[in-house]
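So the structure is just underneath, and the comments pick up after that.
The values are calculated or read from the model by the stated rules, or taken from the named source; none is laboratory data. If you're wondering where the values come from, they're calculated on a predicted model, not measured in any experiment. Here the Cβ positions follow ideal geometry from the backbone for every residue, glycine too, while neighbour counts run over all protein chains shown. Accessible surface is based on the protein model in full, side chains and every heavy atom, while ligands, DNA and RNA are left aside. Shrake-Rupley method; radii C 1.70, N 1.55, O 1.52, S 1.80 Å.
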Amino acid sequence: APSAAALRGPLSGEAAPALMAAHTPGLTHAGSPWTPVAVCALLVGAVGYAWNRMQQPLIHPPSPTPIAMAAATGTQPEVKVDPNGGLKYVDLVHPNGSSAKVYLYGADVTSYKDKDGTEFIAVRPDAVMDGSKPISGGLSHCFPQFGPGAIQQHGFARNVEWSIVQLTETSAIFELLPSDYTRAMWDKPFRCLFQVTVTQGSLDTELFVQNTGDSDASFDFQAALHSYIDITSCHKVNIGTSAADQGFKRFTYIDRTVDPPEEKVEGVKELRLNKPYDRIYRNLTNPIVFDGGKGKALRIEEQGGWKDVVIWNPYGNESMGYDKFVCVESVAYDPVKLYGGQSWSARMALVPDTLNMRHPTRYR
């Protein structure tokens with residue numbers, strides 16, 4: 001079986017010791033933890049970890065991982081109830097005025113505003129907010145399946161209520177565990193944690209998936225954040241990437257607007273929303289939405305397990321409110337295999353920026 005470390009993305013300095021301790025056997029020999037064999041093993045492990053960090057530089061200064069956050073303390077804001085449908089939610093507010101709204105149903109972030117009050121997350125006008133179906137909007141979870149397949153479309157994580165395991169004024173951690181409802185579709189021993197943090201200049205998220213079963217029991221899954229990005233209008237938006245010189249050009253994508261879907265190669269650097277989009281761009285990350293109407297850009301910074309990007313817009317569909325959003329989704333399209341005790345994580349940050357940043361600094 002592959003190692004747990006091989007399945008996890010880069011970790012923050014605070015989180016690395018906790019996660020490494022959770023997955024690394026104690027080094028003992030002849031009754032002493034510091035024999036030459038143990039010391040050599042420790043040094044090899046440290047060098048390997050440092051090399052892995054050098055090969056995967058951080059895109060955005062990360063907030064602590066969910067496990068590192070477990071012991072955090074702070075003032076707990078109240079869990080509120082939406083009078084229009086009865087769904088529970090929390091408001092996260094940074095001292096500078098940046099804010100987020102997260103529903104427990106689907107652990108769905110339905111709003112993120114920067115310190116200027118600019119909204120960057122959309123909810124469709126046809127969204128149902130009573131728990132009878134997934135919320136059509138926000139940062140919607142697709143787990144353990146992306147798209148159609150053996151179980152219901154996009155899996156079940158977006159249409160069940162998650163529990164809160166940690167809550168402060170600016171951050172929350174939500175947990176999803178198996179239930180009778182999920183076992184009826186996908187009887188696997190899993191644990192999901194989703195962390196949302198409002199920082200001074202970004203909305204940071206992390207999805208953590210663990211196989212809690214026996215070491216010889218494995219499962220495969222896909223995952224995605226089906227992110228609805230609020231825009232002024234399709235005609236005022238371009239979508240590029242942090243690799244400004246290349247952008248989307250020459251990346252392979254799966255065009256799902258045709259039946260059957262076709263694999264194609266992109267011919268332009270930046271995308272314009274002038275037709276329906278449903279494309280899976282393979283091995284591409286860190287897209288940027290340039291919105292001329294807002295006078296701002298939104299960097300979508302990804303690391304760890306997010307490997308692909310989906311662009312979706314139902315151009316021309318008035319009932320969905322097509323002209324006010326574009327889905328720019330962070331995806332793990334290829335199935336991930338976890339053996340018992342192994343974990344996987346992926347981070348995505350929404351980072352508002354100036355509109356004229358056609359050559360952004362990729363690593364800050």
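Brief remarks follow.
- Taking the conditions (1) assigned to a strand (DSSP E or B); (2) open to solvent by less than 10 Å² (accessible area, probe 1.4 Å) in turn, TRP306 satisfies each one other than (1).
- Residue count, region 198-221 (criterion: polar (S, T, N, Q) and within 12 Å of the chain's Cα centre (by Cα)): 1
- Residue match in region 111-130 (condition: of a type in the set (S, T, N, Q) and within 19 Å of the chain's Cα centre (by Cα)): yes
- Selection within region 131-163 - open to solvent by 30 Å² or more (accessible area, probe 1.4 Å) and either in contact with a Ser or Thr (Cβ under 7 Å, 6 or more places away or on another chain) or farther than 21 Å from ASP180 by Cα (or both): PRO148, ARG158
- The condition of being surrounded by 14 or more Cβ atoms within 10 Å (Cβ to Cβ), modelled with pLDDT of 95 or more, out of contact with any Cys (no Cβ under 8 Å at 6 or more places or on another chain) and of a type in the set (Val, Ile, Thr) holds for only one of VAL123, VAL81, that being VAL123.
- Entry remark, region 82-104: residues being part of a loop (DSSP other than H, G, I, E, B) and hydrophobic (A, V, I, L, M, F, W, C) number 2 in total.
- Residue match in region 105-112 (condition: in a loop (DSSP other than H, G, I, E, B), closer than 20 Å to MET348 by Cβ and out of contact with any helix residue (DSSP H, G or I) (no Cβ under 7 Å at 6 or more places or on another chain)): yes
- Among the residues making up region 309-328, those that are in contact with an Asp or Glu (Cβ under 8 Å, 6 or more places away or on another chain) and either surrounded by fewer than 16 Cβ atoms within 10 Å (Cβ to Cβ) or over 19 Å from ILE280 (Cα atoms) (or both) are SER319, MET320, GLY321, LYS324.
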